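Asks: Before anything else, here's the structure in question.
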Amino acid sequence: MYKLNIKYECAGRVRRTHDLKTKDFEIELSSADECLKAVLKPKGKIKFYEFKLVSDFRFTSEHRIFVNGYQSWTESREYAPREKMDLLNIVNDFFLKSPFNKNTGLGAAGDLFFCKHPKRAGEFYGYSYGYVRNKNEIDLIASLDESTGYTIIRFNSNNNTFSVEKDLEGVVFDRESTIIDFVRLKGAYDDVFDRWFSLMNISCRQKEKMNGYTTWYNYYGNVDESIVKRDLKSISELPQKVDIFQIDDGYQKAIGDWLNTNEKKFPGSMKNTADNIHGKNMLAGLWLAPFAATKESFIYKEHKDWLVKGKSGRPCVAGANWGGFYVVDFLHPQARKYLQKVFDTVLNEWGYDLVKLDFLYAACIVPRQNKLRGQLMCEAMDFIRECVGDKLILGCGAPLMPCFGKVDFCRIGPDVSLDWRFNPLGIREDVSTPNTLACTVFRRGLNGRAFMNDPDVFLLRDNNIKMDYNKRKLLATVNSVFGSLLFVSDNVSEYTEEKLAFFSEVTSKNRAKILKAEIGKDDIINMSYEKYGKKHSLSFNYKNGSLLQSATERY
């Protein structure tokens, strides 16, 4: 049922083959319980440039195709078979790969520099899992192990095929190794996702929905102790229980210097701030980007050997944030000791209960030490969980499957913007309220199975926002229905009675039962769900935020 496409190098020669047996290696294919595994048995040192299994699939106009983006922030949604994937075009690729952009880090958060993107309508690709939906039945193709390299799943409605391939860049194989391990499952949406996670033996660490506050989407890096005290007091005076109060980026002297607090902004120490949060009967959360360091950090100034190097031998730029940042190599012994000390201090000395860990993709941006990107990311998340122990992790900016069962909460979309912009820069990981809303709807299969989904914040305030109130309410409603971590970034003392009541409604711990969630023509998402004995339906254009229909029926 599958055609094998392999391009490889052995003994200095590059060859192509479709065969399971060559003079350089054998591939053993085995199948059981709808799973397929490909095991490599090399006879020498093998370097792969392509490893792909291709199968027929007859698409119809009724099908909808879901492709999961590379990491938390990457655009992910269902497509009709003849659509063209959003934000993939030759102009953007040319700009991002140009010498002008070489050292800015712009576009480095995605897969632009290691994965071939489709350019035509009818061609789709994603990571770790994807499916074709025919009304209420889905045909899921999903990896069982990303430590053997990222699994890239492609659907092509032009030639009626799908393929499963591996990102094997940077590794030489000289011993027996599992290359591909995936499953194909058909059935109702929830049944298929339950079966996939059962096969992986992965369960969600966190069982309850939670709500809370984060400083980021109002103050960004300008947060200080006085703001924290004011908003902590306001949110603690709400009639309902609020679970988490999280301090985001802005408390530290530099990215990478996590134990050096900006004393002008937080003169009372981070431990005192955590104690104040606990005094209001909330869990204390703190933001970190453990694998990131800027030129202002002591790591860059004193320990450049801790930083991951690119092909040029210079520290690799992993993103454009903060004027560009570099990658702290968690494989380096001294860097590991430093990160262990950071987590021990934050969690045990300062007393924080949750760490929001951001820009995690940086851990695997460069294959090294004969390890694949997927292997590096899985090992990085194992290391993080070991450091954090039993306390809570909110993952962000992370390839999702390596986080399965290892983080308690995980962002499943890009950052919300303060307006309803689709994505002006054309970068699939860029800040975008429409894209994060689509991710919230179409990555719902992970919620409560891999981790509790964090759809990012909703915002109800009237100041410092460019989104009209109906759009703010729509975002909050979708987050509440599909998400399990409901955060706000508002000073709630400024809320009207109507806003307080709506805040209480959307942060309720009651879970909704999803009845339908699909995308139709003209970017319209249609959804229906049950909650509190009522059936609700919503139809809206996710790209411009216009509400087409809203209805509620009582049983």
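Asks: What is the Cα coordinate range of segment 255-319 on the first, second and third principal axes, sorted by size from largest, in whole angstrom?
Replies: Computed over the Cα atoms, the extents are 51, 22, 16 Å.
Asks: Carbon-plus-sulfur fraction of the accessible area of the chain, 1.4 Å probe, in percent?
Replies: Carbon with sulfur: 47 percent of the solvent-accessible area.
Asks: Tell me the relative contact order for the chain as a rounded percent, counting alpha carbon contacts under 8 Å between residues six or more apart.
Replies: 14
Asks: Just to be sure I understand the model, the point goes 7 Å from the Cα along the line to the Cβ. What's the resulting Glu137 to Tyr220 distance in nm?
Replies: Going by the 7 Å Cα→Cβ label model, 5.0 nm.
Asks: Label the chain by shape, choosing from rounded, prolate and oblate, from the square roots a ≥ b ≥ c of the eigenvalues of the Cα gyration tensor; if a/c is under 1.5 it is rounded, and otherwise prolate applies when a/b is larger than b/c, oblate when it is not.
Replies: Verdict is oblate for the chain.
Asks: Once each part is reduced to its C-alpha centroid, what is the distance from segment 130-199 to segment 329-389 in angstrom?
Replies: 27
Asks: A follow-up question, please. Say each of Ser539 and Asp305 gets a label point 7 Å from the Cα, pointing the same way as Cα to Cβ; how far apart are those two points in nm?
Replies: Inter-label distance under the simple model: 6.5 nm.
Asks: Here is a further query. By the scheme Lys and Arg +1, Asp and Glu -1, what is the net charge of all other residues having a beta-carbon under 10 Å from that of Asp24?
Replies: Summing Lys and Arg as +1 and Asp and Glu as -1 gives +4.
Asks: Considering the alpha-carbon set of segment 478-552 alone, what are its Rg and its Dmax in angstrom?
Replies: For segment 478-552, the Cα radius of gyration and maximum Cα-Cα distance read 13.8, 41 Å.
Asks: Another question, if that's okay. List every residue whose amide H lies under 5 Å from the amide H of Asp243, counting only residues 5 or more places away in sequence or on a different chain, with H placed 1.01 Å from N in the peptide plane.
Replies: Under 5 Å from the amide H of Asp243: Asn211, Gly212.
Asks: Show me the chymotrypsin sites (Phe, Trp or Tyr not before Pro) within segment 61-114 that DSSP assigns to loop and that have at most 13 other Cβ atoms within 10 Å of their Cβ.
Replies: Counting only loop positions with at most 13 other Cβ atoms within 10 Å, the chymotrypsin sites (Phe, Trp or Tyr not before Pro) in segment 61-114 are Phe113.
Asks: Additional query: Sequence neighbours fewer than 8 away in the same chain don't count; with that in mind, list the aspartates and glutamates whose C-alpha is under 20 Å from Lys337.
Replies: Filter leaves Asp257, Glu302, Asp305, Asp329, Glu349, Asp358, Glu379, Asp382, Glu386, Asp390.
Asks: Moving on. For a 32 Å ceiling on Cα separation, which of these pairs sit above it: Lys186/Lys543; Lys271/Lys406; Lys116/Lys531; Lys304/Lys371?
Replies: Beyond 32 Å: Lys116/Lys531.
Asks: If the viscosity is 1.567 mPa s and the temperature 4 °C, what Stokes-Einstein diffusion coefficient in µm²/s follows for segment 1-147 when Rh is the Kirkwood radius over Cα pairs?
Replies: The calculation lands on 72 µm²/s.
Asks: Another question, if that's okay. For Glu349 and Lys509, FRET efficiency with R0 = 30 Å and r from the beta-carbon atoms, rounded to 0.05?
Replies: Efficiency, from the Cβ-Cβ distance: 0.45.
Asks: Can you give the extra length, in nm with one decimal, that the chain gains between Ser177 and Asn159 once fully stretched, where that is 0.36 nm per residue apart less the Cα-Cα distance?
Replies: Stretched out fully, the Ser177 to Asn159 stretch lengthens by 3.3 nm.
Asks: Further question on the same structure: If one computes P(r) from the Cα atoms of segment 202-335, what percent of pairs lie at distances over 26 Å?
Replies: Considering segment 202-335, 37 percent of its Cα-Cα pairs are separated by more than 26 Å.
Asks: At 7 Å along Cα-to-Cβ for each site, give me the label-to-label distance between Ala551 and Leu20 in nm.
Replies: 5.4
Asks: Hey, can you rank 151-163, 282-294 by average C-beta count inside 10 Å, highest first?
Replies: By packing density, highest mean first, the sequence is 282-294, 151-163.
Asks: Given a 1.4 Å probe, how much area per residue of the chain is accessible, in Å²?
Replies: I get 40 Å² per residue for the chain.
Asks: Follow-up question, since we're still on this one. Taking H placed 1.01 Å from N in the peptide plane, check which residues at least 5 places from Tyr542 or on another chain put their amide H under 5 Å from its amide H.
Replies: For Tyr542, the qualifying residues are Ile525.
Asks: When Lys and Arg each count +1 and Asp and Glu each count -1, what net charge do the other residues less than 11 Å away from Glu429, Cβ to Cβ, add up to?
Replies: -3
The values are calculated or read from the model by the stated rules, or taken from the named source; none is laboratory data. It should be emphasised that the depicted structure is a prediction, and the values quoted were computed from it without experimental measurement. Cβ sites come from the backbone with ideal geometry, for glycine too, and all protein chains shown count toward neighbours. Heads up: the accessible areas ignore ligands, DNA and RNA and are worked out on the full protein's heavy atoms, side chains in. Shrake-Rupley method; radii C 1.70, N 1.55, O 1.52, S 1.80 Å.
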